[in-house]
1. How would you rank A:37, A:337, A:290, going from fewest to most other Cβ atoms within 10 Å of each one's own Cβ?
2. How big is segment A:8-142 in terms of Cα radius of gyration and Dmax, in angstroms?
3. Assuming R0 = 25 Å, what is the FRET efficiency of residue B:119 and residue B:306, from their Cβ-Cβ distance, to the nearest 0.05?
4. Just need the Rg to Rh number for segment B:258-312, please, alpha carbons only, Kirkwood Rh.
5. Please work out how much length the chain gains when fully extended from residue A:151 to residue A:90, using 0.36 nm per residue of separation minus the C-alpha to C-alpha distance, in nm with one decimal.
6. Enter the per residue convex hull volume of segment A:2-397, computed from alpha-carbon coordinates, in Å³ rounded to the nearest integer.
7. Please give the Cα centre distance for segment B:108-174 versus segment A:189-244, rounded to the nearest Å.
8. With an 8 Å cut-off on Cα pairs and a minimum separation of 6 or more residues, tell me the relative contact order of chain A in percent.
Ligand code: SF4
Ligand code: SF4
């Protein structure tokens, strides 16, 4: 009973917080709301007309939505890079960053689920996928695995921070023996969501570009670079806009994580490129199309040739301690790396899987305005959710929000 | 010859594995009809919590029935001003729509439930268009495994099969959906799909070219079936890979998994002019589809289960297409497999297509 009352007061207090703020904050939220509404409008057109309003066709049957989904699974998984040292190794440094990281994971997961739903041809029969009421093709279909692990991960990432914040809200210490097992579980789980998502593609013998044993590990490496890179940027933002104190030391430690992951990612990229281009077979055609175009069709070339140099540049710069320890340079590098991996793990991974088609037909794919509108709307939704979560967490952690304090 | 025997033997073996299970659990003793459905439920046996799912289906349906009933009482009370007949039709339509929206997966339905949903669909079409349909829910017959062979030497690229397929199967005319693709290849380059043209508009046969047709190959080990998250697509006991258009959620995972470009998606609402609708339909075959669902060649299940040839086979003016029962030693398809040098596409993928190519 007691905790129910506290919970009610927490909800009221946080509602109070998220509806009040500086002018900048209100502008930001209004902007996100506008983008979300525009996205919803685009989605309503898509529901009305069918997926024909997107750029997808029978030849390239997955596009922008699934690309973003794939990338965001990586961002969600990256929260673990902060969780592990904090909770398990008792590295106090990370403790403040980790709440933000987990908030980011929650927002990213919600976006993932939204992208999957946006991609469905029949959102009104989605209940067919609910275990128990529908028919869940488990364990045969990797997509059912993905549904399970993503929702499980979402649950873990909501409960742990909630427990900690809830305790702090009441001026109590969060008990390590309650949340540490959950934290350890989430470490394995994060690797799981990413591997399972990679297996989604890796398991298709029909698509040689994906059917490649390196896909899973490379997913992990790129995720652990892009995710923490985003966390650094977010922390930088929070640090400059609130009095939530995050020490330079913390950011630098996360930067080290980003660097190592980016380096491993680069090694794997080299290995992949070597395999595709040293002894090209029929199966290298997709990679060939991606990097050089095939038969005069080269829609993806500008993208990948933006991504690769950015990726290399950022990784090389991060490798030097002097440069990495300069925060401005670090932020720029994180941004470049994030963009590069978004292109590479999104567009650069999903679309070439379908090109050339099973019989060598090359049909290109370009997203339509409506598709882009829905995508932006979902990103805005993610940012919106994250802003709300982060604000509440920051207020509690800085001690401004306390039970019965008013 | 022995090698060829092995080829379809391996198919037969996998079929055989199911048969003892069938007779084991089949208590009905009937040879036809009933057992066919047993076979299709058998396929689902290994699924986790199958019984639970079935139980849930029943409970759900009963619950929905009651809900519907109470809903209808309410609706009836409100709309008393309408004329009796149109009110009745609207009421019935609402009832049907409701039950259709929440019905279970066709694969897991009993024969009675299958018949009930087919009746509902026919009735709903009748109410909407004042037109009658003939829709079947005929199950697979025992001792039948369908296979197909394509004679590369004979095909001249006329594409009569393509148009026959479109008309027979009520395919969307707007997007010009076609299950069959005819690839025009150059003499001297061999069977080279990469260089082939599957979208030609000139007079055929073109000098110095030959033609190869592709469609869904009804793999015996179909990757498309494995990946479907809701089991909306499966292999029937007679080897036909089908889709339940009402159960499909439109994720297109099966499309990504098919190595043969065998599947087509309804990107928008499919349109068939009223006078062109083929009214001889099967639930798993050519009944009218809706937007956002997957479809594919079904070996014209509405024809083949009635002992007829698929429309493409019948339409082909050159006799390049052969269809039949692989388990019948006297069938033409068996003769082709045993006497011609047959091959299949992408055999290295282990999908075991039931679609062979051969030359004279
Ligand atoms: S050809 Fe494609 S769609 Fe047809 S059964 Fe094989 S994998 Fe499935
Ligand atoms: S598109 Fe339909 S049939 Fe294909 S995998 Fe998804 S739900 Fe199954």
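Please treat every number below as a calculation from the coordinates, not as lab data. Here the structure is a predicted model, which means the values were calculated and not measured. In this analysis, Cβ positions are derived from the backbone assuming ideal geometry, glycine residues included, and neighbour counts consider all displayed protein chains.
1. Working: A:37 12, A:337 29, A:290 26.
In order of increasing Cβ crowding within 10 Å: A:37, A:290, A:337.
2. Taking only Cα atoms of segment A:8-142, I get Rg and Dmax of 19.3, 54 Å.
3. Working: r = 19 Å, r/R0 = 0.76.
The formula returns an efficiency of 0.85 here.
4. Working: Rg = 12.2 Å, Rh = 12.5 Å.
Answer for segment B:258-312: 0.98.
5. Numbers: separation 61, 0.36 × 61 = 21.96 nm, distance 2.73 nm.
Length difference between fully extended and current span is 19.2 nm.
6. Details: hull volume 60.6 nm³, N = 396.
Cα convex hull per residue, to the nearest whole number: 153 Å³.
7. 44 Å
8. On the way: 529 pairs, mean separation 121.5, N = 406.
For chain A, the relative contact order is 30 percent.
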